[in-house]
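Let me begin by presenting the structure, written as structure tokens, before commenting on it.
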Amino acid sequence: MTLLYEGKAKRMFETDDPFILKVEYKDEVTAGNGQKHDFAPGKGRLNNLITSEMFERLENAGIPSHFIECINDTTQMVRRVEIIPLEVVVRNLAAGNITKRLGFRKGAEFAPPLIEFYLKDDALGDPLINRAHVIQMGIADNDEIDELKKRANQINVALIDIMEQMGLQLVDFKIEFGRDTRGNILLADEISPDTCRIWDAKTGENFDKDVYREDTGSIIDTYQKFYEKMEATK
């Protein structure tokens, strides 16, 4: 298979079908836009299995994605989409950069949830942008922006329910979308502890990549515990 793209966490390969790609999850972990980087044996397996299960549950909740199937521990097949160069961030509680950027108290609730757009551009540091920027840059039109926000809210509702069943609290998360060959907008990329901020509902314990960002625990042990909680709710 021909390597199409390699990012910080995944490799994407073309297949014999021009409309289907193979995604391979890597045993690498990064933070700070790649400034911190390590190898974490077993991480690719966990993120692949978690993302595959999450996409299946979201599909059952009526949210379409590029996901087709998980074919082994580290690999899944997906529909080929043109990624919209936006990171859509949904915040239920204040944490991470927004507490430093705007002074929100950690744990402060956003009601309704706050939706932010960040430009996917490593060279620029993935800057925060607004609706006008998105339109001026030709990334999406007004209707598509409304659709992205609607989908983000739907995904938030579904993920909150999934996390509550696991005894966890969904603090915030980052998602990406793509357009298929017909122009339909589909959820893409991944949903895992790499892309979400998750706290234990009772203790506040982290179940996400913050344990790596802040050097407070083992990322593999944390993701394994998350995976086991998820499997227990099947």
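Tabulated data
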{"read-out": "Assigned charges on the beta-carbon of Lys, Arg, Asp, Glu; region 3-79 dipole about Cα centre (debye)", "value": "320 debye"}
{"read-out": "Linear extension gain, Asn130 paired with Gln35, 0.36 nm per residue minus alpha-carbon span", "value": "31.6 nm"}
{"read-out": "Helix-only CD estimate at 222 nm, as mean residue ellipticity for the chain, using -39500 (n - 2.57) per DSSP H run (n ≥ 4)", "value": "-9500 deg cm²/dmol"}
{"read-out": "When the chain is reduced to its Cα atoms, the Kirkwood hydrodynamic radius in Å", "value": "18.2 Å"}
{"read-out": "Reciprocal of mean inverse Cα separation for region 1-139 (Kirkwood radius, Å)", "value": "17.3 Å"}
{"read-out": "Percent RCO, i.e. relative contact order, over region 50-141, from Cα pairs under 8 Å lying at least 6 residues apart", "value": "19 percent"}
{"read-out": "About the Cα centre, charge dipole magnitude for the chain (Lys/Arg +1, Asp/Glu -1 at Cβ), debye", "value": "540 debye"}
{"read-out": "Efficiency of FRET between Arg182 and Ala123 - r from beta-carbon atoms, R0 30 angstrom, step 0.05", "value": "0.45"}
{"read-out": "Over region 69-111, relative contact order from alpha-carbon pairs under 8 Å, at least 6 apart, %", "value": "28 percent"}
{"read-out": "Nearest-20 debye value, region 1-43 charge dipole, Cβ charges on Lys, Arg, Asp, Glu", "value": "260 debye"}
{"read-out": "Longest to shortest principal axis, alpha-carbon extents of region 83-218, angstrom", "value": "44, 30, 29"}
{"read-out": "Interchain or long-range residues, amide H under 5 Å from Glu205's placed H", "value": "Asp200"}
{"read-out": "At R0 = 41 Å, FRET efficiency that the Cβ-Cβ distance of Asp200 and Asp17 yields, to 0.05", "value": "0.45"}
{"read-out": "Among Phe55, Gln136, Phe110 - extreme Cα towards positive end, dipole of the chain, charges at beta-carbon", "value": "Phe110"}
{"read-out": "Projected-area mean, region 173-234, by convex hull of Cα positions, square nanometres", "value": "5.6 nm²"}
{"read-out": "All Cα pairs of region 3-79, percent lying beyond 17 Å", "value": "49 percent"}
{"read-out": "Label-point gap, in nm, between Met77 and Thr99 - each point 7 angstrom along Cα→Cβ", "value": "4.4 nm"}
{"read-out": "Nearest-0.05 FRET efficiency for Leu3 and Ile68, computed from C-beta distance (R0 22 Å)", "value": "0.70"}
{"read-out": "Average Cα contact separation per residue, the chain, under 8 Å, 6 or more apart, as relative contact order %", "value": "17 percent"}
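Read-outs throughout are calculated quantities, based only on the coordinates presented, and are distinct from any laboratory measurement. For clarity, every value in this text was computed on a predicted model and none was experimentally measured. With ideal geometry, Cβ positions are generated from the backbone for all residues, glycine too; neighbour counts draw on all protein chains shown.
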